[in-house]
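Below is one structure, written out as structure tokens; the observations come after it.
The values are calculated or read from the model by the stated rules, or taken from the named source; none is laboratory data. Values in this document were obtained by computation on a predicted structure and should not be read as measured data. Reconstructed Cβ throughout: ideal geometry from the backbone, glycine too, with neighbour counts over all protein chains shown. These accessible areas exclude ligands, DNA and RNA; they are computed on the full protein's heavy atoms, side chains included. Shrake-Rupley method; radii C 1.70, N 1.55, O 1.52, S 1.80 Å.
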Amino acid sequence: AYGMFLPLASLAVLWLRRRQLAAAPRRVDWRGAPVVALALALHWIGVLAQQPRISAAALILLLWGLPFLLYGFALARWLLFPCAYLFLAIPLNFIDSMTAPLRSFATAVSAGLLNGFGLQVQRVGSGLFSAAGNPFAFNVAPECSGLRSLLAMTALMAFYAWYSQPSLLKKWALFLFCIPVAIVANICRIILVVIVAAFFGQETAIGLWHDYSGYPIFLISIVLMLSLDRLLNLDYPAAWNKLKNRFLAPASS
């Protein structure tokens, strides 16, 4: 559902970098010709194989390769991220294979944490059942594996990492944190559903709370993203000196 917003995000990147695009020198660069040829070949393969995803990828590659050929790499390098970002809008069904391991991991961690909190829960496969007197039983469905959250956070954190981080290394670091952020957020959702069921009943948990819990959980994801962003940008020597002066300074006589 969020795929339709990704082209708008790419256009926003172009607007934010409009001065760099206008100032970039322009000249024909024949190194872009193989990129254009590859894009056309991919489209041809996609048509023959009746795979529109391949043709969509070819179109994105062509959107980058043509400016590379006609105007040179000095301009094309500013187009690299907004064009690459569009690949996240292509549905990739092969990642559905991650559903089962994500379900098992989220269920196991949720059961362990709930038992650690004192709420007795028994895990059977991807199901969570009351091990005390609380009448609840949940099955973590494939839709609740966290894969959707992972894909959404990938798109969000890719854009935010590009915007907020000064260096390429930090951009990639924040972007790759989308995986643990999505997993942690999904585990929080499962835990909160079980807690609501234990205190307010299973009907409440699987009804109103389950249907709308995605919104507060997504806020948790955003808070985690912003916290990681701050940690990456933190001046650790200055922070250490501040803590040392505050807690380790000798007491005045």
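Sequence-ordered 3J(HN,Hα) estimates for segment 32-48 from the Karplus curve with 6.51, -1.76 and 1.60 and θ = phi - 60° stand at x, 4, x, 5, 5, 5, 5, 4, 5, 5, 5, 4, 4, 5, x, 5, 4 Hz, glycine and proline given as x. Comparing PHE199, PHE105, PHE81 in a Gaussian network model of the chain where C-alpha atoms under 10 Å apart are linked, the largest mean-square fluctuation is found at PHE199. Take the alpha carbon gyration tensor of segment 1-104, find the square roots of its eigenvalues, order them as a ≥ b ≥ c, and report rounded if a/c is under 1.5; if not, report prolate when a/b exceeds b/c, else oblate. The shape class here is oblate. Available extension along the chain between LYS170 and LEU80 is 30.7 nm, counting 0.36 nm per residue and deducting the alpha carbon span.
Once the mean of 1/r is taken over each pair of separate Cα atoms and inverted, segment 9-53 shows a Kirkwood hydrodynamic radius of 13.3 Å.
Considering segment 56-140 at the alpha-carbon level, its Rg and Dmax are found to be 23.5, 71 Å. Each Cα pair under 8 Å and six or more residues apart adds its sequence gap; the mean of these over the residue count of the chain is a relative contact order of 14 percent. If R0 is taken as 22 Å, the Cβ-Cβ distance between PHE105 and ALA137 corresponds to a FRET efficiency of 0.65. Think of it as helices only: each DSSP H run of n ≥ 4 in the chain is worth -39500 (n - 2.57), and spread over all residues that comes to -21500 deg cm²/dmol at 222 nm.
Accessible surface computed residue by residue for the chain, with neighbouring protein chains in place and a 1.4 Å probe, gives 61 Å² per residue. Rounded to the nearest whole Hz, the Karplus-based 3J(HN,Hα) values (6.51 cos²θ - 1.76 cosθ + 1.60, θ = phi - 60°) of segment 62-73 follow the sequence 5, 4, 8, x, 5, x, 4, 5, 7, 10, x, 6, with x at glycine and proline. With both labels modelled 7 Å from their Cα along Cα-to-Cβ, the LEU226 to ILE179 distance reads 2.7 nm.
Ligands, DNA and RNA left out, the accessible area of segment 1-80 computed with a 1.4 Å probe is 74% carbon and sulfur. With the convex hull constructed from alpha-carbon coordinates only, the chain shows a mean projected area of 20.9 nm² over all directions. For segment 146-253, averaging the sequence separation of C-alpha pairs within contact (under 8 Å, six or more residues apart) and dividing by the residue count gives a relative contact order of 27 percent. Put simply, the amide H of ASP29, placed in the peptide plane, has neighbours under 5 Å in LEU70, TYR71, GLY72, leaving out anything fewer than 5 places away on its chain. For segment 48-102, the Kirkwood hydrodynamic radius from C-alpha pairs, put into Stokes-Einstein at 20 °C and a viscosity of 1.002 mPa s, yields a diffusion coefficient of 166 µm² per second. Full extension of the chain segment joining THR204 with ARG27 gains 57.3 nm, where the gain is 0.36 nm per residue of separation less the Cα-Cα distance. Normalised by 2.2 N^0.38 Å, with N the number of residues, the alpha-carbon radius of gyration of segment 98-220 equals 1.17.
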